[in-house]
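Heads up: the structure comes next, in structure tokens.
The values are calculated or read from the model by the stated rules, or taken from the named source; none is laboratory data. All values reported here derive from a predicted model rather than from experimental measurement. Cβ: placed from backbone, ideal geometry, glycine included. Neighbour counts: every protein chain shown.
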Amino acid sequence: MIVRFSCRGHSNIRATHHKTLEVTRDPEITPRATCVVGVAADFDPLAVARLRGRVRMRMRLRQGSHRAEIVGTVSPFVGVRPSLVFRLSDQIFGNTFASGASRAASHLDRGLAAVLQDSESVLEVVIEEVGEPSIAGALSLLVLPHPRRAALAPEPAERLRAVDALAAPDPNDLVELIAELQGPAEGLPFAERKRGALLERLKTGKRLAVVVPDTDDAGLRPFVRQAVQAGIPVSPLGGVAPSLTTLWVAAFEGTDWAVEEQPQRRPQRFRRRLQGMGRSPTPCVFRRVEISAEAVCAAVLETLGDRSICLAQGWGSRDERYLRGSAGAMDAGDLARFRAADPLIVAVDGDRSDEGDVPATLLRALLEGGASVRSLSRALEAETGWPRRRAYEWVQRLADESVAGED
């Protein structure tokens, strides 16, 4: 797919930003917009949002010999927006059009940057897909009041216009929403028997938004967990409590969790609260942690060992980001991208250390021999001392895996 358009220069263009490069449809900018290299762009935002995978943007001055080229990977959460932002980093959220860019505004030839300060200068721009589209799609989550009384906010609307399909427990609820968006997305049922097909769509690179009423999450959490485990990026669009979204994205096992409402402003207090989790298998979500991401990982390692955690910040905003994995394996560069001035939401998994002692092979054989999930879960509860629900869910998971293997 190829998108062609033109833009022009502006007296306030500086092209000195070291991390981003931007082309905007806005006709005016201030000197503070140091990443902008072209204004009054006439691209079709919807057409641009349809680009996938690795793309190359070629810019050529209409009058003169100056040229420039930039390569990047289109964000799976790109929206129908009036600007194209290329980032050197791998930040895929917010107003990012493409991440992993080959250059920023400051890397442009200074001769070209000087010419672009003339409002009469015109850049001819071509953006084309290069190579295969990205394998994984993207899952967006939206919880709406039922019945819905107000139009969507701008940010969710921009993102929803760029998805390939919308899914809801009742597809009829999407008719009005699709008409409001004026986009080409199709409406699909988010029924239990259809979720496997929806997951396959995501795995083949499609962008999907699941819309559920605020009265019932309609099985959204287990679907999100499956998507995360399959490597699909997930992002909320609105209506979902930030702490709940973090828990969903963390993809921990089980259905129980604890929530810590008290702000964690000091590492020492955070460690004491982590110590309180002990050997409990129940995950805990800390709604407001005002220490650095690096300090969070250090505290978890010191008190609980190498537990699985999920760090999140800015859910639903243009600066949202999250990171999941084991506390001891978090990359220092990824942790540094969390803003120190804003609080974190932190989800910490419960203790799973004794699951390796469970005779999974024997339990699978007993299930295949006709033993019931209920009887085996009670035996597991008695043997391990696990809570009843945890034992039941563990055996049920083995049963589900056995059925999936037969299919």
- Item | Residue count for region 170-190, restricted to those that are in contact with a Lys or Arg (Cβ under 7 Å, 6 or more places away or on another chain) and at pLDDT below 80 | 1
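Which members of region 164-176 meet the condition of being in contact (Cβ under 8 Å) with a residue 24 or more places away in the chain and out of contact with any helix residue (DSSP H, G or I) (no Cβ under 8 Å at 6 or more places or on another chain)? Spell out how you get there, then give the answer.
In the first step, residues of region 164-176 are kept if they are in contact (Cβ under 8 Å) with a residue 24 or more places away in the chain; the result is 164-169, 173-174, 176.
Of everything in region 164-176, those that are in contact (Cβ under 8 Å) with a residue 24 or more places away in the chain and out of contact with any helix residue (DSSP H, G or I) (no Cβ under 8 Å at 6 or more places or on another chain) turn out to be Pro169, Asp173, Leu174, Glu176.
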- Task: Would you please name the residue that is farthest from Phe77 (Cα to Cα), looking only at residues in region 171-208 that are acidic (Asp, Glu) and surrounded by fewer than 18 Cβ atoms within 10 Å (Cβ to Cβ)?
- Result: Glu192
- Per-region count, region 356-373, residues loosely packed, with under 11 Cβ neighbours inside 10 Å and either aromatic (Phe, Trp, Tyr) or modelled with pLDDT of 85 or more (or both): 2
- Task: Note down all Cβ pairs under 7 Å where the first residue falls in region 77-90 and is outside any loop (DSSP other than H, G, I, E, B), the second is among the small types (Gly, Ala, Ser), and they're at least six residues apart or on different chains.
- Result: Phe86/Gly72; Phe86/Ala98; Phe86/Ala101; Arg87/Ser99; Arg87/Ala101
- Would a scan of region 116-132 turn up a residue that is in contact with a Pro (Cβ under 6 Å, 6 or more places away or on another chain) and crowded, with 20+ Cβ neighbours inside 10 Å? no
- Go through region 209-220 and give me each residue that's modelled with pLDDT of 80 or more and either more than 22 Å from Arg50 (Cβ to Cβ) or surrounded by fewer than 22 Cβ atoms within 10 Å (Cβ to Cβ) (or both). Val212, Leu220
- Message: When the residues of region 252-303 are narrowed to those that are surrounded by fewer than 21 Cβ atoms within 10 Å (Cβ to Cβ) and among the aliphatic types (A, V, I, L, M), which ends up nearest to Trp394 (Cα to Cα)?
- Response: Ala258
- Quick one: what pairs do we get from region 220-243, first residue at negative phi and aromatic (Phe, Trp, Tyr), second at pLDDT 85 or above and surrounded by fewer than 21 Cβ atoms within 10 Å (Cβ to Cβ), C-beta under 7 Å, 6+ apart or different chains? Phe223/Arg195
- Task: Would you please list the contacts, defined by Cβ atoms under 6 Å and residues six or more apart or on different chains, that run from a residue in region 133-155 that is farther than 19 Å from Leu202 by Cβ to a residue that is at pLDDT below 80 and polar (S, T, N, Q)?
- Result: His146/Thr215
- Task: Filter region 113-126 for residues that are in contact (Cβ under 8 Å) with a residue 60 or more places away in the chain and either part of a loop (DSSP other than H, G, I, E, B) or out of contact with any strand residue (DSSP E or B) (no Cβ under 6 Å at 6 or more places or on another chain) (or both) and give the result.
- Result: Ala113, Val115, Leu116, Gln117, Asp118, Ser119, Glu120, Ser121
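Somewhere in region 287-296, is a residue of a type outside the set (S, T, N, Q), out of contact with any Pro (no Cβ under 9 Å at 6 or more places or on another chain) and over 26 Å from Ala341 (Cβ atoms)? Spell out the reasoning first.
In the first step, residues of region 287-296 are kept if they are of a type outside the set (S, T, N, Q); the result is 287-291, 293-296.
The next check asks that each one be out of contact with any Pro (no Cβ under 9 Å at 6 or more places or on another chain); those that pass are 293-294.
When the remaining residues are screened for being over 26 Å from Ala341 (Cβ atoms), the result is none.
So far as region 287-296 goes, no, none of its residues is of a type outside the set (S, T, N, Q), out of contact with any Pro (no Cβ under 9 Å at 6 or more places or on another chain) and over 26 Å from Ala341 (Cβ atoms).
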- Note on the structure: Selection from region 3-19 of residues modelled with pLDDT of 95 or more and not small (Gly, Ala, Ser) yields Val3, Arg4, Phe5, Cys7, Arg8, His10, Asn12, Ile13, Arg14, Thr16, His17, His18
- Taking region 103-132, which residues are touching a Gly at 6+ places or on another chain (Cβ under 7 Å), closer than 23 Å to Gly205 by Cα and of a type outside the set (D, E, K, R)? Gly131
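Would you be able to say whether some residue in region 6-19 is closer than 18 Å to Glu128 by Cα and within 29 Å of the chain's Cα centre (by Cα)? First the steps, then the outcome.
Residues of region 6-19 that are closer than 18 Å to Glu128 by Cα, as a first pass: 6-7.
Within this subset, residues satisfying the condition of being within 29 Å of the chain's Cα centre (by Cα) are none.
Checked region 6-19: no residue is closer than 18 Å to Glu128 by Cα and within 29 Å of the chain's Cα centre (by Cα).
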- Item | Residue match in region 92-115 (condition: at pLDDT 95 or above, crowded, with 21+ Cβ neighbours inside 10 Å and in contact with a helix residue (DSSP H, G or I) (Cβ under 6 Å, 6 or more places away or on another chain)) | no
- Task: Just one of (1) under 15 Å from the mean Cα position of the chain (by Cα); (2) hydroxyl-bearing (Ser, Thr, Tyr); (3) over 26 Å from Leu142 (Cα atoms) trips up Thr246, so point out which.
- Result: (3)
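Going by the structure shown, is Arg54 surrounded by fewer than 19 Cβ atoms within 10 Å (Cβ to Cβ), charged (D, E, K, R) and at pLDDT 95 or above? I'd like the intermediate steps shown before the answer.
Details: surrounded by fewer than 19 Cβ atoms within 10 Å (Cβ to Cβ): yes; charged (D, E, K, R): yes; at pLDDT 95 or above: no.
Considered against the rule, which asks whether it is surrounded by fewer than 19 Cβ atoms within 10 Å (Cβ to Cβ), charged (D, E, K, R) and at pLDDT 95 or above, Arg54 comes out as no.
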- Message: Report every pair of residues separated by at least 6 positions or lying on different chains whose Cβ atoms are under 8 Å apart, first residue within region 247-259 and at positive phi and in contact (Cβ under 8 Å) with a residue 12 or more places away in the chain, second part of a strand (DSSP E or B) and surrounded by fewer than 21 Cβ atoms within 10 Å (Cβ to Cβ).
- Response: Ala251/Arg324
